[in-house]
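To keep things clear, I will list the structure first and then write my remarks on it.
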Amino acid sequence: MLLTIDRFGRMVLPKSMRDDFGLRAGDTLEVEASADAILLRPSSGADCTVHEGRVLVFNGGADGDVVGALARVREARLNRAGGGAERT
């Protein structure tokens, strides 16, 4: 993926990438530079809550394998409901 830096030093992360990492306007990124790379990562100290009207909403991401955890819980529930019978 290529990004273009404008004359003011700004670049735009594609929406799909912002969505993947749960980034929103006002979020901060940590910048790390090495001899041949620039690494951007969401700031670990970023506030995971935002005000939407008069409601405080959590907008952070989850750590770990959430999809795998959900699959294991669903599998265990189906096994209990079916008496441990194998599904086809």
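Every number here is computed from the coordinates shown, using simple stated rules; none is lab data. What you see is a predicted model, and the numbers here were worked out from it, not measured in a lab. Every residue, glycine among them, receives a Cβ derived from its backbone with ideal geometry; neighbour counts consider all protein chains shown.
The slack between residue 50 and residue 16, meaning 0.36 nm per residue of separation minus the straight C-alpha distance, is 10.2 nm.
Derived scalar couplings between HN and Hα for region 29-41 equal 10, 8, 10, 10, 10, 10, 4, 10, 8, 10, 10, 10, 9 Hz in order, rounded to whole Hz, by the Karplus curve 6.51 cos²θ - 1.76 cosθ + 1.60 (θ = phi - 60°), x for Gly and Pro. With a point put 7 Å past each Cα toward its Cβ, work out how far residue 43 is from residue 72 in nm, to one decimal. Between residue 43 and residue 72, the simple spin-label model gives 3.4 nm.
Ranked by Cβ crowding within 10 angstrom, fewest neighbours first, how are 21, 58 ordered? Walk me through the intermediate numbers first.
On the way: 21 15, 58 8.
Ascending number of Cβ neighbours within 10 Å: 58, 21.
Here the calculated FRET efficiency for residue 79 and residue 3, from their Cβ-Cβ distance with R0 = 30 Å, stands at 0.05, rounded to the nearest 0.05.
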